[in-house]
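For reference, the structure discussed in these notes is given below.
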Amino acid sequence: MSTLRSRATSEQRPLPWSAIAAVGTGLFGLGLAVGGYGAYVSLLIARGVSPDAAGLGMSLFLFGQFAAVVPADLMTRRTAVERVAAAGFVLAGIGIGLGAVLTLEATYASRLLLGLGQGAAFVAGMKYVGLRTTGADTATAQGMLGALFTLGLAVGLAAGPVVVPWAGPAFPAVGAAVVALAGGAFTARLATVGPDARTVLGAYLEPFTSAGGLALGFGNVATFGFLMVASTWYAEVVADAALPGTAVLVGFALATVLGRGVGGWLSRTYGERATVGGTLLGLALVLLGLAAAIDVDSAAGITAGLVLTGFGFGVPFGPLFGLAFSELADDAGVTLSGMMLVGNGAALAYPWLVGRLLAATDGYAAGFAAMGATVGAIWLCWRRTVGG
């Protein structure tokens, strides 16, 4: 995730390495579970589940985050922040473990619980290290946490299609659950911080009542939201196109991770607004190009499109949240929760939609064209408000 401002203090504090290790362990486990879901989608489809029903699992995950972030932030204002984060990891770990049972009902319950737990763990975990650090150390600590989640997602995405068919669905699910639960146990033992200052419920949506605020929130659709769509369907795309799946997925995963660092460099060189706006336009064109490559069955075009979308999802994430924290609410917890609320809420239909269009057209071109058109609309909104 991006930088969350800390409480002002005149005393420089050292980086809380124990907190980074504890929360980061849990986030890495969550990333493993989120990134590995595409392999479970492939198994469900192979067992006769319709693509839209299989994709709905990721939609439920996004809905879980949507439903959890504001209650979790409110809880951090009433009780110790680390306890809220630990509870989120435990709930997510239970959900991940439930995914070892490969039925549609168990999968839906697993993804929903994972989303609820992740929403709470993200908000509280980022706030915890923000309240333990000051200045540039806050960005460093929270950047490490975001990198660990993204690394877990990359590992799950690349390894899932290999490990799940080889070891079965239970092994990777239990493994990711153990990591997430360990993160919860370590986090619960951290030094107590909080609760944070209280706020009112309406404060979470107030920053998004303007066109510029909505543009920032919708930007999160094209970064985190559509990254979740990609992690759902890319394993199926490479299998359907008879591509070297592991190599392509590793390339996409590396591009996503490297994109976070590239986004910071571009922001320092060209500014946050230009970086986000340019990347949104590029991502829209790449998604439309990917749809065209799928339509004509171009292996080279599909490979290039899949990898380039990794940069498209990764590059604007940090600059987008950097802008949100400087332009929206003074309360960083309100800004973080509101950005996740708008982004997840607007993106949650797309994992199901891609599956639905796959079932209707017998191909992925329509689904990725819809994503590209959506990102194009977000870019136009950005140009007319924040980017202009």
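The values are calculated or read from the model by the stated rules, or taken from the named source; none is laboratory data. Note that the structure is predicted; figures quoted are calculated from it, not measured. With ideal geometry, Cβ positions are generated from the backbone for all residues, glycine too; neighbour counts draw on all protein chains shown. The protein model used for the area step is the full one, side chains on, heavy atoms only, and it has no ligands, DNA or RNA in it. Shrake-Rupley method; radii C 1.70, N 1.55, O 1.52, S 1.80 Å.
A search for C-beta distances below 9 Å between a residue of the range 367-381 that is farther than 17 Å from Val276 by Cα and any residue that is of a type in the set (S, T, N, Q) and open to solvent by 30 Å² or more (accessible area, probe 1.4 Å), counting only pairs 6+ apart in sequence or on different chains, returns Gly367/Thr361. Looking only at residues of the range 81-114 that are more than 21 Å from the chain's Cα centre (by Cα) and among the small types (Gly, Ala, Ser), we find that the one that is nearest to Ala170 (Cα to Cα) is Ala100. Against the criterion of being crowded, with 17+ Cβ neighbours inside 10 Å, of a type in the set (Gly, Ala, Ser), touching a Phe, Trp or Tyr at 6+ places or on another chain (Cβ under 6 Å) and within 14 Å of Val81 (Cα to Cα), Gly130 does not qualify. When restricted to residues that are free of Cβ contacts under 8 Å to residues at least 60 places away in the same chain and aliphatic (A, V, I, L, M), the range 236-262 contains 6. Candidates Val69, Val101, Val81: the one that is out of contact with any strand residue (DSSP E or B) (no Cβ under 9 Å at 6 or more places or on another chain), modelled with pLDDT under 95, open to solvent by less than 10 Å² (accessible area, probe 1.4 Å) and closer than 30 Å to Leu249 by Cβ is Val69. You will find that of Gly175, Gly156, the residue that is open to solvent by less than 50 Å² (accessible area, probe 1.4 Å), assigned by the TED database to the domain that holds Leu113 and within 24 Å of Leu336 (Cβ to Cβ) is Gly156 and no other. If you go through the range 242-268 and keep only what is within 20 Å of Ala324 (Cβ to Cβ) and open to solvent by 70 Å² or more (accessible area, probe 1.4 Å), you end up with Trp265, Arg268. Within the range 338-356, residues that are basic (Lys, Arg) sit with their Cβ atoms under 6 Å from residues that are open to solvent by less than 30 Å² (accessible area, probe 1.4 Å), at 6+ positions apart or across chains, in these pairs: Arg356/Asp52. Taking first residues from the range 17-42 that are assigned by the TED database to the domain that holds Thr256 and partners that are open to solvent by less than 10 Å² (accessible area, probe 1.4 Å) and outside any helix (DSSP H, G or I), no Cβ contact under 6 Å between residues at least 6 apart in sequence or on separate chains turns up.
Here Ala349 does not qualify as more than 18 Å from the chain's Cα centre (by Cα), open to solvent by 40 Å² or more (accessible area, probe 1.4 Å) and more than 20 Å from Gly305 (Cβ to Cβ). Any residue at all in the range 271-279 that is open to solvent by 40 Å² or more (accessible area, probe 1.4 Å), among the small types (Gly, Ala, Ser) and part of a helix (DSSP H, G or I)? Among the residues of the range 271-279, at least one is open to solvent by 40 Å² or more (accessible area, probe 1.4 Å), among the small types (Gly, Ala, Ser) and part of a helix (DSSP H, G or I), which makes the answer yes.
Return yes or no: is Leu190 surrounded by 17 or more Cβ atoms within 10 Å (Cβ to Cβ), at negative phi and in contact (Cβ under 8 Å) with a residue 24 or more places away in the chain? It is true that Leu190 is surrounded by 17 or more Cβ atoms within 10 Å (Cβ to Cβ), at negative phi and in contact (Cβ under 8 Å) with a residue 24 or more places away in the chain.
Of the candidates Gly263, Gly289, Gly251, Gly318, the single residue that is part of a helix (DSSP H, G or I), at pLDDT 90 or above and within 27 Å of Cys381 (Cβ to Cβ) is Gly289.
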